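Enquirer: Sharing a structure with you now.
The values are calculated or read from the model by the stated rules, or taken from the named source; none is laboratory data. No experiment lies behind these values; they were computed from the predicted model shown. Ideal geometry is used to build each Cβ from the backbone, glycine not excepted, and the neighbour counts take in all protein chains shown. Ligands, DNA and RNA are stripped out before the accessible areas are found, and what is left, the full protein with its side chains, is counted by its heavy atoms. Shrake-Rupley method; radii C 1.70, N 1.55, O 1.52, S 1.80 Å.
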Number of protein chains: 4
Amino acid sequence: MPPLRIGLIGAGRIGQVHAATIAQRVRSARILAVADANEGAACACAEQHNIPIVSTEPERLIADPNLDAVLICSPTDTHAAYIELAAQAGKHIFCEKPIALTLEATDRALAAVSRAGVKLQVGFNRRFDPSFERLRRAIAAGEIGELHLLRITSRDPAPPPPDYVKASGGLFLDMAIHDFDMARYLSGSEIEEVYALGAARIDPTISDAGDIDTALITLRFANGAFGAIDNSRKSIYGYDQRAEAFGSLGAAEVLNHYPNQVILSNAAGIHRDQPLHFFMQRYLESYQREIEAFIRAVLSNELPPVTGADGRAALAVALAAQRSLAERRPVRVAEVSQ
Amino acid sequence: MPPLRIGLIGAGRIGQVHAATIAQRVRSARILAVADANEGAACACAEQHNIPIVSTEPERLIADPNLDAVLICSPTDTHAAYIELAAQAGKHIFCEKPIALTLEATDRALAAVSRAGVKLQVGFNRRFDPSFERLRRAIAAGEIGELHLLRITSRDPAPPPPDYVKASGGLFLDMAIHDFDMARYLSGSEIEEVYALGAARIDPTISDAGDIDTALITLRFANGAFGAIDNSRKSIYGYDQRAEAFGSLGAAEVLNHYPNQVILSNAAGIHRDQPLHFFMQRYLESYQREIEAFIRAVLSNELPPVTGADGRAALAVALAAQRSLAERRPVRVAEVSQ
Amino acid sequence: MPPLRIGLIGAGRIGQVHAATIAQRVRSARILAVADANEGAACACAEQHNIPIVSTEPERLIADPNLDAVLICSPTDTHAAYIELAAQAGKHIFCEKPIALTLEATDRALAAVSRAGVKLQVGFNRRFDPSFERLRRAIAAGEIGELHLLRITSRDPAPPPPDYVKASGGLFLDMAIHDFDMARYLSGSEIEEVYALGAARIDPTISDAGDIDTALITLRFANGAFGAIDNSRKSIYGYDQRAEAFGSLGAAEVLNHYPNQVILSNAAGIHRDQPLHFFMQRYLESYQREIEAFIRAVLSNELPPVTGADGRAALAVALAAQRSLAERRPVRVAEVSQ
Amino acid sequence: MPPLRIGLIGAGRIGQVHAATIAQRVRSARILAVADANEGAACACAEQHNIPIVSTEPERLIADPNLDAVLICSPTDTHAAYIELAAQAGKHIFCEKPIALTLEATDRALAAVSRAGVKLQVGFNRRFDPSFERLRRAIAAGEIGELHLLRITSRDPAPPPPDYVKASGGLFLDMAIHDFDMARYLSGSEIEEVYALGAARIDPTISDAGDIDTALITLRFANGAFGAIDNSRKSIYGYDQRAEAFGSLGAAEVLNHYPNQVILSNAAGIHRDQPLHFFMQRYLESYQREIEAFIRAVLSNELPPVTGADGRAALAVALAAQRSLAERRPVRVAEVSQ
């Protein structure tokens, strides 16, 4: 089977991750074109990963008849429009999270996808991480019995630049949305109610941008379980990505991943190096498996493992969290998602 | 200095723990009398720990002029009355948590203590555990910078008997109260607001008694930190007592304690035995240090390290949690504690 | 049953450990007399632990008709003589390791014990440590199948004072002898052959005293297993006491014990405090259980769990290790122990 | 720079590992030809990794003027002859360990390499593992001070097939040779003396083949450190690859690597999955970095990081271990390597 011909929209941080992954580790696809409004970024990406076609106009890339699919890695506020265009052009779509900053825009994009009959996969890469997948399997297989409590810790090593923060939709839509998806994925249940605490503790430019950098979010699941997510934009000891599920027959937890398994003992105590620094290191394997799953879904004409509906559901929880923070009360997800 | 002469009120589970601790590990005090409405329990305790005087009437024990202090380990709903009596009799008082099931009764008891000028220490033993003490020290010394998030996990291996549940005041007053105190102790800050989720997931007799067995409690501290406490009455893998503090310069966590440090590897994977089973094992050392601290405070005429005010503050949080659960909204502690 | 009346010979470091253990944690025995050639040491010990009779003459203590048993904690080169005297006086005997520095002296002492029909227990306290006991149980119960390899790591935090070294018999007889006993205990098999490497790497006063401070000892067991023991007199990160057994069905290892279960994460990595500092901390519980086992054996007239024969066997291995080091060849234990 | 053109000799287990690594993860080289006496194996490998030229005659592959380098992954007893041929043909050479089963054959091969002026790298892949590299760095940088003791554990999950065993040269030359190299690499010192215990405990076909499956090897290094290596052909809990270095200022150890970081707690205790199963999983990253280092050395005309001299030195230690086992005495490496 010939490799899937892919166009990459957005040559920023996450676009580079996918480009490198496909170039170095994925044989079943090839990136033939890259488009980024920032010409320098587009060219650099093309050169580094041997991508033959470079453009500053994503619309032209989408229209290219030689492409089977697009990866949308542009700023969040452009996702929905590109999804609609790509769907109309009959391209299969892999889109980074979130699909859009509103449910309305999301719904329009999903309707376009549905009409066109193309595949859409949303970039919740952490589902493809071997540790979180193992935890999911433990829960789904009943290894811990009925789920009572779920806990997710998700802390970045450093906040993104102020410009990124402004266009990001804020911590809940940009960062915690991964955790909302993880909560749904791990629990196998929908989130019904959210109560969010949030503050800007780290970086004044974040609060200047109207955003928070620290959050503690309580969840009530449809299956009766409770959940807690804690987030920080700055964990000085590196990327902290853990989760724990507790149930009637036991508990299972995901601990952090490290660059090596070396323990050092000296006069000051026992030490090890920091965990893997950030998502590019920690989730390297998940990015490969995520893209391979997308390619497989397209080539074998099957439903992608993370759907548009998954993207929408996580967004709805994020919006409920925003409202909870603003109104200082628990908010039912149904309030924001009719 | 002659040993402190102590009378023990209540020969149940926790009374036995203190009796054994003092008999076997504490040289600076002696239990000279034990009183329990259940004569058999009182006699068994006296025999096992060589306690010369046995009684079924705590009031008579309190009146005994040969005693310097009393340990109140009777059912919760009797604590406040015995505190008042003991204070009037000029005895120093160690009282198990909580002081009472209402703030009114608590305040009456504390007023009596204050009038009498006796010492009162409340039984928040976990403060004396070397691990939690080390965590407190890390936070207080600034090892993790400014506190942003605090997480406490507290799960019992098995629910108490239905009769105990009925008189206990419920999960928040009976069990989570330890965690509310721990949250105050670790953070060095008061709790301002509480949001509680609770359910009876484990044992129908618990919901029949109007209580819950599973809880997730969100805290907002005066110092701006957020907190999460999760509780379960039944952790099938044993007593689970952990905490984590996250701040601007790092994080510190308390892991579980185990009866041995043996790791077994075989065809099924890597294994170790369950953690220490319950509080009698896990907090053995804390009980000794707690009692020694009380004795020291009495003998050296100093403020005990856990005061009546600490007992009242934790109770207020527990009452706010009860109201939050009932009204499904965040509750400010000031609402329940003028 | 009245408590066993014990006389303590030797008020040095290990004598103090036993005195404190019995005074604070053991109800079934009482130390009624202490003897040490160093009068100050004897008096300090007596005062600290409320021991009524003090003496500088162990022989007088041994002759005291009010004593049931003696604990011999004096310098190694005096053990055998006191054992013989105590046996003749009809006292039960707990003796620190090693029984003597030669097999001849050991055999004379054991013969005296045998003639007198008194109990003798040798101070291999590590057998009573919950972790090593758990490892022994795993091996004995077949949890790891047939034993193929056994590995013991035993490193002290700091070398003993030069004077101690001189009278100690050297690293093999003084320090590694614990590990030789542990090897026999864990494997359930005799040691047939020893090959020892040794050097003075740490402290010139140790090599000046003709001793070594670093060793790697290879064992061949009668049951076909192989063993390796590594020793150091100076582990800068604290007392290091580990072991691992590997067999046909799995492996089991004992890790170090820590004063707390706190993990600290910061910009420099992940940290924890050093392990428990030395034997007084690490083996606190084992000392209590060891003495209780001795008392139980005496009071119930049963064979002590660590016999004179165990003491002799470990000594024979230590002597074989000495010869191996001197002659730079593997030495069969039978060569030194006809 | 155009990719290095490589010919692969040997399409067995390790040949497949290299072919997959280069095809999937290495951009700077391409395998253009594969040769294996077993035609089916050669064809399967070619097909799986898109290798255009297939042959059953390694000699023809070596003669191919379109190749820059060869990877020798054929049975051990053919390595030296192919090295000589390849050197004469002016090819750069990557050769799996060991170079040969005798020092004479090794020396002839190295002389041919030297005469031809080609690069030779020997396949000690573990040097390129991030954990062992980190340990090496800790030692080399003085983080643990002066090295006193080095311990290496190396246990396979299952013995190789009897046919492999027969041609392998035996446990010391085939398996422990990795550990001898690791000992040299970690310590930064030569091994001067070896004492080896060995037995066939696992599989009678191994002893029928005159080989052992279990070993404990003691090392004396030129820098005064001692070392212990333990090997087993069958670790029922998976691939066990650990090491520990102990020195005057601390210790550093490499623990096992796992497929996930999930801990499961239930009524039976605390569990995790087995470590990564075998070398293909555990050392995946090291194989990539090893080949990249070889390519870099060729393309930039520098000395490869693992030389022919390294291969010879490890072989000499293995031969000394063989003699030690046969003669039951410590053997100086100089005895076998004039």
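Enquirer: Using modelled backbone amide H atoms (1.01 Å from N, in-plane), which distant-in-sequence or interchain residues come within less than 5 Å of residue C:93's amide H?
Expert: Sorted by chain and number, the residues that satisfy this are C:70, C:119, C:120, C:121.
Enquirer: Taking Cα atoms of the stretch C:4-118, Rg/Rh with Kirkwood Rh, to two decimals?
Expert: 0.95
Enquirer: Local charge sum around residue C:184 (other residues, Cβ-Cβ under 9 Å, Lys/Arg +1, Asp/Glu -1)?
Expert: Result for the neighbourhood of residue C:184: -3.
Enquirer: Can you list the residues, at least 5 places off or on another chain, whose amide H is less than 5 Å from the amide H of residue A:306, using H built in the peptide plane?
Expert: The answer is A:122.
Enquirer: Could I ask something else about it? Let me check I've understood the local charge: for residue D:223, count other residues with C-beta under 15 angstrom from its C-beta, Lys and Arg +1, Asp and Glu -1. What total comes out?
Expert: Its environment carries a net charge of 0.
Enquirer: Per residue, how much accessible area does the stretch B:35-188 have with a 1.4 Å probe, in Å²?
Expert: 36 Å²
Enquirer: Determine the distance separating the Cα centre of the stretch C:81-97 from the Cα centre of the stretch B:300-330; give it in Å without decimals.
Expert: Using only Cα atoms, the two centres lie 59 Å from each other.
Enquirer: With a sphere of radius 14 Å drawn around the Cβ of residue C:116, what net charge do the other residues whose Cβ falls strictly inside it have (Lys, Arg +1; Asp, Glu -1)?
Expert: Combined, the nearby Lys, Arg, Asp and Glu give +2.
Enquirer: Let me make sure I get this right: for the protein assembly as shown, a, b and c are the square roots of the gyration tensor eigenvalues over alpha carbons, sorted descending. Under 1.5 in a/c it's rounded, otherwise prolate if a/b > b/c, else oblate. Which is it?
Expert: Oblate is the answer for the protein assembly as shown, as a/c is 1.5 or above yet b/c matches or exceeds a/b.
Enquirer: Moving on. Could you identify which residue out of D:52, D:157, D:304 has the top mean-square fluctuation in a GNM of chain D using Cα springs shorter than 10 Å?
Expert: D:52
Enquirer: Can you tell me the orientation of helix A:103-116 relative to chain A, as the angle in degrees between its alpha-carbon axis and the longest Cα principal axis, to the nearest 10?
Expert: Long axis of A:103-116 versus the principal axis of chain A: about 50 degrees.
Enquirer: When the Karplus curve 6.51 cos²θ - 1.76 cosθ + 1.60 is applied with θ = phi - 60°, which whole-Hz ³J(HN,Hα) does each residue of the stretch A:91-102 get, with x for Gly and Pro?
Expert: Here the 3J(HN,Hα) series is 8, 6, 10, 10, 10, 5, 7, x, 4, 7, 8, 10 Hz.
Enquirer: In terms of Cα to Cα distance under 19 Å, which lysines are near enough to residue D:234, apart from those fewer than 8 places away along the same chain?
Expert: Once the sequence-local lysines are set aside, what remains near residue D:234 is D:166.
Enquirer: Okay, next question. Roughly how tilted is helix B:39-48, in degrees to the nearest 10 and between 0 and 90, from the longest Cα axis of chain B?
Expert: The angle comes out at about 90 degrees.
Enquirer: For helix B:284-299, what angle does its Cα long axis make with the longest principal axis of chain B, in degrees from 0 to 90 and rounded to 10?
Expert: 50 degrees
Enquirer: Can you give the helix-only mean residue ellipticity at 222 nm for chain B, where every DSSP H stretch with n ≥ 4 adds -39500 (n - 2.57) and the sum goes over all residues, rounded to the nearest 500 deg cm²/dmol?
Expert: Taken over chain B, the calculation gives -12000 deg cm²/dmol.
Enquirer: Each residue of the stretch A:243-258 in turn: what ³J(HN,Hα) in whole Hz from Karplus with 6.51, -1.76, 1.60 and θ = phi - 60°, glycine and Pro shown as x?
Expert: So the J values, rounded to whole Hz, are 7, 9, 10, 10, x, 5, 10, x, 9, 9, 9, 9, 9, 5, 9, 10.
Enquirer: Quick one: among B:232, B:154, B:300, which has the greatest mean-square fluctuation in a GNM of chain B with alpha-carbon springs under 10 angstrom?
Expert: Looking only at B:232, B:154, B:300, the largest GNM fluctuation is found for B:300.
Enquirer: If amide H atoms are built 1.01 Å from N in the plane of the peptide, which residues on other chains or at least 5 residues away come under 5 Å of the amide H of residue A:148?
Expert: Close amide H contacts, sequence-distant or interchain: A:246, A:247, A:248.
Enquirer: Keeping all protein chains in place and using 1.4 angstrom, which order do C:155, A:127, A:136 fall into by accessible surface area, from largest down?
Expert: So the residues, ranked largest to smallest area, are A:136, A:127, C:155.
Enquirer: While we're here: From the backbone phi of the stretch C:26-35, what are the Karplus-calculated ³J(HN,Hα) couplings (6.51 cos²θ - 1.76 cosθ + 1.60, θ = phi - 60°) in whole Hz, Gly and Pro given as x?
Expert: 10, 8, 8, 8, 9, 8, 9, 8, 9, 10
Enquirer: Where q = 0.09, 0.12, 0.14 Å⁻¹, what log10 of I(q)/I(0) comes from the Debye formula for chain A, counting one point per Cα?
Expert: -0.48, -0.87, -1.17
Enquirer: Under a crude label model (7 Å from the Cα following the beta-carbon direction), how far is residue D:190 from residue D:326 in nanometres?
Expert: Going from the residue D:190 label point to the residue D:326 one covers 2.2 nm.
Enquirer: Where a ≥ b ≥ c are the square roots of the eigenvalues of the C-alpha gyration tensor, would you call the stretch B:51-122 rounded, which needs a/c under 1.5, or, failing that, prolate if a/b is larger than b/c, or oblate?
Expert: Because a/c hits 1.5 or more and a/b fails to exceed b/c, the stretch B:51-122 counts as oblate.
Enquirer: Between the stretch C:227-253 and the stretch C:130-175, how many Å separate their Cα centres?
Expert: That distance is 8 Å.
Enquirer: Select from B:263, B:83, B:191 the residue whose mean-square fluctuation is largest in a Gaussian network model of chain B (Cα-Cα springs shorter than 10 Å).
Expert: Of B:263, B:83, B:191, the most mobile in the Gaussian network model is B:263.
Enquirer: Now, a different point. Hey, any idea what % of chain B's accessible area is carbon plus sulfur with a 1.4 Å probe?
Expert: After summing per-atom areas, the C and S share lands at 51 percent.
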